[in-house]
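All remarks here apply to the structure that follows.
The values are calculated or read from the model by the stated rules, or taken from the named source; none is laboratory data. Every value quoted in this text rests on a predicted model; they were computed, and no experiment measured them. Virtual Cβ from ideal backbone geometry, glycine too; neighbours counted across all protein chains shown. Remember, those area values only see protein heavy atoms, side chains included, never the ligands or the DNA or RNA. Shrake-Rupley method; radii C 1.70, N 1.55, O 1.52, S 1.80 Å.
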Amino acid sequence: MDEVNALNVYPVPDGDTGTNMLHTMRSAVKYARGCDGTLRGVSAAAAQGALMGARGNSGVILSQVIRGLKEAFADREQASVREIRRSAELARRYAHDAVSAPAPGTILTLTVAMEDAAANEGKDVVELFQTLVSAADRAIVRTREENPTNRAAGVVDAGARGLQLILEGVLESFTGKALPLTRIAPLAMPAGQPAMSQAPSWEGAYDVQFLVQRPTRPVARVREEMLQFGADCVLVVGDETVMKVHVHTLKPDEIIRIGLTAGRVADVVVEDLDAMTAEHERATGIVVAPPSRGPAAPIGVVAVVPGDGFAAVARSLGATVLRGGATMNPSTEELLGAIREANARTVVVLPNDKNVVLAAQQAATHADVNVRVVVTHNVAQGMAALVAFDPSKKPNDVASEMAQVAERAHGIEVTHAIRDATIDGTHLHKGEAMALLDGKVVAHGDDEVSTLCEAARRLTETEVFTLYSGAGVDKARVAYAAQRLRAACPRASVEIVDGGQPHYPFIVAAE
C-alpha cells in the first residue's frame, strides 16, 4: 500500500491510491464473505461491495473491473477460460466508460493489456492468469512513458501498479506459490525540476465522494450534470439501486447538492487536495505542479450567473463564469477561485445579486491581484455591463464604463411568493406571481406573463428587451410571453434567450 501511495502523481499527487484500492478490496471481500458461496453470488456480492466501498479514481475504476467479473459469471456455476476472457473484456469496457476523459499511461492501460492478453488461448485458468500477469509487467513499464506526468515524475502509474499486485495475488492463490515481490521505486529526477501535471488543475479544489441510494436519474445524466457544472476527474458509476460519485471541485457543496437532487446521499467524503498533495510531496520528495497557465491578461471579468444559458452568453462575452444567484450564493472562497481562474492582473467582478455583493467585496480584499467590484444587483444589470467589457482599453476605464452601463440598465425578475407577505408596500399572497423591477416589487397577480408585461410598461424608453426563460419553462409559454411583451411595448424589440435559471420563470434585461 505504501509503495502504491508513493507512486501516486496522476491525476493528482494526493498519495492515497494504495489506501483507496485497499479500502475498495476490503469492502468487496466483506460483502463476498456474506453471500451464499456460489460463483455468481460471490462475484455479485464482491461487485456490490467494491462499489459501496470504492474510494478515489483508482477505487472507482477497480470497482468496475470487479463488475466485469459479476457480469461474466452471472449465469455460471464455474469459471473457465471463456468466462475469464469475457470478464477481461467487460473490465476494460466498464473501466473506460467510467472515465469522462480517458488518459494514456494509467490503470486503463492495464485493462486494455488484460483484454488483449486474455484473447490468447490458454489451456486452463491458471495459464491464462500467468499470461495476464506477464502482460501486466509490460504494461506497467509503458505507463511511465505514455503518461507525461508519470514520465516527468519518474514513476509508473499508481493505479496500474495496484491492479498488477491484485492480479499477482490471484495467481498466487491459484498456484500456492509466492511470486517475487519487487518494489517499483521512482526514478531519480533532476534536482529542482518539478513534474508538471497534464490533468486539470487541483489548486484550491476538494476531492468529493459519496453514494446516492436509489437514484432518480440515470448514471449518464448525473455524470453529464457534474461535467456541465465544471467539476474535474468526474467518475459516476452504478445502477438503479446505488450510484457512486467521485469528483474534484472548487465547490463541494454544489456537487453534493446535485447528488441530493438525485436521491438520498450517504458515505460523504470531502478532502482538501492541497493538503493531501503537500503531504505527498513531504513524504516522497516528488514535486508535481498544477498545469501552468498562460501569461496573465491585463484585465478579466468574473460574472456570477444563475443558469446555463446565462453562463453560455457570459462566456461568449469573455467572462469567467461562477454559478450563483438566489438560494445558491457563492462564498468568498469560491469567488477567489474564480478570480484566480480569470488569470488577469485586474479582474472586474459582477456579483449580479444584492446578496453576493458583500462576499465579492470581501474576496477583493483577499485577492492577490487588483479587483474592481461593479455593484450589479441583478443578472440583467450584469449582462448589460458585460456587453460593455472591452479588454483592449485601460483597466480603470473598462471598469468605469461597465459600472456606468450597469447603473443605467434595468432588470425585471418574475417569480412567485413563497408565503403571504408585504414587500415594498405590496401585499402578496402565497403562490402569487410578482415582478421585481430593479429589485422592487412593482406588479403582482395570478398570471406571471401579465405581471411581467405590467412591469415592462413602466420602462417607456426601452428599445430592446432580452427575455431570459427559466429552467423548465415550456417553449410555447416562452413564445407566448414574448408575444405579449411585444404587444405591451410595441416600440421595443424582444429577443429570447434560454437562461436556464431556477426560481425565476422569466428575467428580462431592458436596454
Residue-level accessible surface for His280, protein heavy atoms, 1.4 Å, Å²: 10
Measure nothing fancy, just the Cα-based angle from helix 17-33's long axis to the longest principal axis of the chain, in degrees from 0 to 90, nearest 10. 70
Give, as ranges by residue number, the residues of the stretch 252-290 whose backbone N falls under 11 Å from the point 7 Å along Cα→Cβ of Arg221. 262-263
Amide H neighbours of Arg55 at under 5 Å, excluding residues fewer than 5 places away on the same chain, with H built from the backbone geometry, are Thr24, Val60
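Which value, in debye to the nearest 20, gives the size of the charge dipole of the stretch 359-511 about its Cα centre, when Lys and Arg are +1 and Asp and Glu are -1 at the Cβ?
It works out to roughly 80 debye.
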With the contact rule set at Cα under 8 Å and sequence spacing of 6 or more, what percent relative contact order holds for the stretch 207-324? 25
The helix 395-408 Cα axis meets the longest alpha-carbon principal axis of the chain at an angle in degrees, between 0 and 90 and rounded to 10, of 60
Please state the Cα pair-distance histogram of the stretch 82-173 with 10 angstrom bins from zero: what percent is in each bin? 18, 49, 27, 5, 0
Evaluate the distance, in nm, between pseudo-label points positioned 7 Å from the Cα of His429 and of Lys123 along their respective Cα→Cβ axes. 8.7
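In whole percent, what relative contact order does the chain give with Cα contacts below 8 Å and a gap of six or more residues?
Values: 1070 pairs, mean separation 49.7, N = 511.
In percent, rounded to a whole number, it is 10.
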Taking H as built 1.01 Å from N, whose amide H comes closer than 5 Å to the amide H of Ile496, not counting residues under 5 places away? Leu467
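In deg cm²/dmol, rounded to 500, what helix-only [θ] at 222 nm does the chain give when every DSSP H run of at least 4 residues adds -39500 (n - 2.57) and the total is split over its residues?
Working: 19 runs with 241 residues, N = 511.
It comes out at -15000 deg cm²/dmol, rounded to the nearest 500.
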Would you check the accessible area of Lys393, probe 1.4 Å, heavy atoms only, in square angstrom rounded to 10? 80
Given 10 °C and 1.306 mPa s, how large is the Stokes-Einstein diffusion coefficient of the stretch 1-76 in µm²/s, with Rh as the Kirkwood radius over Cα pairs? 127
Determine the gain in length on full extension of the stretch Ile496-Lys394; use 0.36 nm per residue of separation and subtract their C-alpha separation, reporting nm with one decimal. 33.4 nm
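Could you give the dipole magnitude of the chain about its Cα centre, charging the beta-carbon of Lys and Arg +1 and that of Asp and Glu -1, in debye to the nearest 20?
440
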The helix 158-175 Cα axis meets the longest alpha-carbon principal axis of the chain at an angle in degrees, between 0 and 90 and rounded to 10, of 30
What FRET efficiency, computed as 1/(1 + (r/R0)^6) with R0 = 35 Å and r the Cβ-Cβ distance, is obtained for Gln404 and Asp446, rounded to the nearest 0.05? 0.35
Distance from the stretch 159-173 to the stretch 250-324 (C-alpha centre basis), Å: 34
Report the accessible area of Phe229, computed with a 1.4 Å probe over the heavy atoms of all protein chains in place, in Å² rounded to the nearest 10. 30
Just subtract the alpha-carbon distance of Phe174 and His503 from 0.36 nm times their residue separation and send over the number in nm, one decimal. 112.4 nm
Top to bottom by accessible area (1.4 Å), largest first, where do Asp438, Asp75 land? Asp75, Asp438
Short version: ³J(HN,Hα) in whole Hz for each residue of the stretch 471-480, in order, from phi by Karplus 6.51 cos²θ - 1.76 cosθ + 1.60 (θ = phi - 60°), x for Gly and Pro, what are they? 4, x, 7, 4, 4, 5, 5, 5, 4, 5
Fully extended, how many nm does the chain gain between Ala283 and Val269 (0.36 nm per residue separation, minus their Cα-Cα distance)? 2.8 nm
